[in-house]
Each structure stands twice: as C-alpha cells, then as structure tokens.
Amino acid sequence: MSSVLIFANLTAGRGRARRIAEELAGQFKQRGYTATLLTDRADGIQRGTIDRRAAAAIVIGGDGTLRQVAQRLHERTPIPPLLVVPMGTANLMGKHLGIRWKTAHLADQLQRAIEHGKRVQLDCAKANGELFLLMAGVGLDAKVVHELSRIRSGPISYLSYLRPLMTALAGYDFPALTVTVDGKLVFGPAPAVAFVGNIKEYGTGFPVLSRANPTDGRLDVCVLPCRSTFDLLDHAIRAAVGVHLNAEGVVYTLGKHIEISSPQQVPVQIDGEAAGHTPLSIDLLPMRLPFIVPA
C-alpha cells in the first residue's frame, strides 16, 4: 500500500487550503493510500510522523510553505518527492514546473502525477544556514519584504506589497555591496542591489536571473549597480524587455559559493521571506531535491 504526506498552510488561499487538504486526505484513503495530513508548521512536526518512503509529499501553499517542508524533509534521507499545489501569492516554483491543476478534479490529477508523472531533481542551497530553493535578494527588494513582514497580519496579495514598497522607496539609501563568487571578487564595494537564484522566475514578473537553470549544478548571480531610485527604475524597465544584462556595470555570473557583505546591515530575503541582514553566505548543496511534475 502506498502512502502520501499532505502538508498544508491552513491560511493559504484565504482558508481554502484547509478544505482542499482534508478532501485530498479523504479521497486518497478511499483510493487505497495511507494519507497523513500535516497542518502544523513544518519545523514543528515530529520526525517520527513523517514516512520518508512515501510516494509523494503534497505541499499545499505558497513558496514559503514549500521551503519549510523541504527544509524539514531534507534533514534526513530518503526524501519523498515533492508535489506542489500552489496556493500562495507568487507561486514561483509552481510556475517554473508548469503546474496548473484544475480544482474540480484535483485528487485525480495528483494521483495520475504520482503514478505516471515525471521526477525531476532540482538544485538547492543553504543561505545563512536556511534551505534555499528559488532566489535570494539583497537590497531594496528585501527591504520591501521586511516591511511587509513587519505589518502583515494574515493572507496577502500583490496589493499587500504597495505600502511596504512606498515605505522602502522613501527611506532606502542604496548601501555599498561587495560580492564574491567562489572566492573571487566580482563586484564592489559599490552601491547596488544583488540577486542569487536557482530559477528564472521572480515575483515581479521580470526575469532578473534570465539564464538560471536549476539542474546545472550552479547558482546564478546578478548584481545591478544602483545609487538611486532612478537607477532602480532604469534597471526595472530594462529587465521588463530583457536587456538589463547589457547595462553598464552589471555583473552576471555563476558559482557554487557566494558571499555578499556591506559596511551596513542590508536586508536579505530568501524565497520571498525576510531572512535577516548581511553578511549573506550561500552554498550550493551536493544533494538535489526531487519534485513530481505532471506527465
């Protein structure tokens, strides 16, 4: 008898995640699976309750929930393949994997994916000790995420970022960054914003890391020289049309170990969540994470 793990962020989808998770657990049991529903924060789930030989770990929620679950599972091997049911704001991993479930027949689609879908192995890294799946930002975008984290009180939408964006733009002074990749100085010290990533997708919709490939065994690094809001808007416009890498002073490179530092404490975000301040140290891990995608 196969088993499935169902992890759910109960606030995702403005509460819809709870209903979907409970329905999935019941439907998988009716189909002969052993289904374990886990609704606590992943870091609070006891290891003994996790069947590491499960056919799939279904994750219902956004990118933050996915990262928490992946971090909990990767602490020991084997790791059940992750099957994403996107229900956050950006859902970058779901977009990258091309997942578009139809809610009306979700259990059917997930069962087909588990039994007949493809398994893909994606790179992952550690950023200041935290698991890193998608992308990290140092600078203004991270400041916006920090502001949102400070004021949020429940589920969010893209509109939720408007006030934090205005607050961040009003007071941000674009501190100098120094970036080293695999021990080599590639930028700075000079005012800039920096991005490190595993996939092309980014929350704004602009592919800042336009060459990223999560199966190439390297992380992409993009540093945009930036002294003012005007410089940032210029980079944003260029990114929107895909020519930002041609701007003067922009650094784009690949590596496995990235260090970003500053004389000031510069905000850091990891996978769209506030993650402290610089210095930031990122290391590609030798292991990869398994995901299931529809056939």
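Please list, ordered by residue number, the strands (runs of 3 or more DSSP E) wholly in the range 108-154 having 2 or more residues that are out of contact with any Leu (no Cβ under 9 Å at 6 or more places or on another chain). Correct list: 118-127.
Inspect the range 98-106 for any residue being free of Cβ contacts under 8 Å to residues at least 24 places away in the same chain, hydroxyl-bearing (Ser, Thr, Tyr) and assigned to a helix (DSSP H, G or I) and give the result as yes or no. Looking through the range 98-106, none of the residues is free of Cβ contacts under 8 Å to residues at least 24 places away in the same chain, hydroxyl-bearing (Ser, Thr, Tyr) and assigned to a helix (DSSP H, G or I). Residue 291 satisfies every condition listed in (1) surrounded by 14 or more Cβ atoms within 10 Å (Cβ to Cβ); (2) modelled with pLDDT under 95; (3) in contact with a Lys or Arg (Cβ under 8 Å, 6 or more places away or on another chain); (4) more than 16 Å from residue 135 (Cβ to Cβ) except (2). Please go through the range 160-199 and give me each residue that is in contact (Cβ under 8 Å) with a residue 40 or more places away in the chain and among the acidic types (Asp, Glu), ordered by number. Residue satisfying the conditions is 182 alone.
So, residue 195, is that one closer than 21 Å to residue 281 by Cα and not in a loop (DSSP other than H, G, I, E, B) or not? Can you show your working first?
Details: closer than 21 Å to residue 281 by Cα: yes; not in a loop (DSSP other than H, G, I, E, B): yes.
Against the criterion (closer than 21 Å to residue 281 by Cα and not in a loop (DSSP other than H, G, I, E, B)), residue 195 qualifies.
For residue 51, are the conditions met, namely being of a type outside the set (A, V, I, L, M, F, W, C), more than 28 Å from residue 213 (Cβ to Cβ) and without any contact (Cβ under 8 Å) to a residue 40 or more places away in the chain? For residue 51, the condition - of a type outside the set (A, V, I, L, M, F, W, C), more than 28 Å from residue 213 (Cβ to Cβ) and without any contact (Cβ under 8 Å) to a residue 40 or more places away in the chain - is not met.
One residue stands out in the range 196-219 among those that are closer than 19 Å to residue 278 by Cβ and modelled with pLDDT of 95 or more: the one that is surrounded by the most Cβ atoms within 10 Å (Cβ to Cβ), namely 219.
The values are calculated or read from the model by the stated rules, or taken from the named source; none is laboratory data. Because the structure is a prediction, the values reported are computed rather than measured. In this analysis, Cβ positions are derived from the backbone assuming ideal geometry, glycine residues included, and neighbour counts consider all displayed protein chains.
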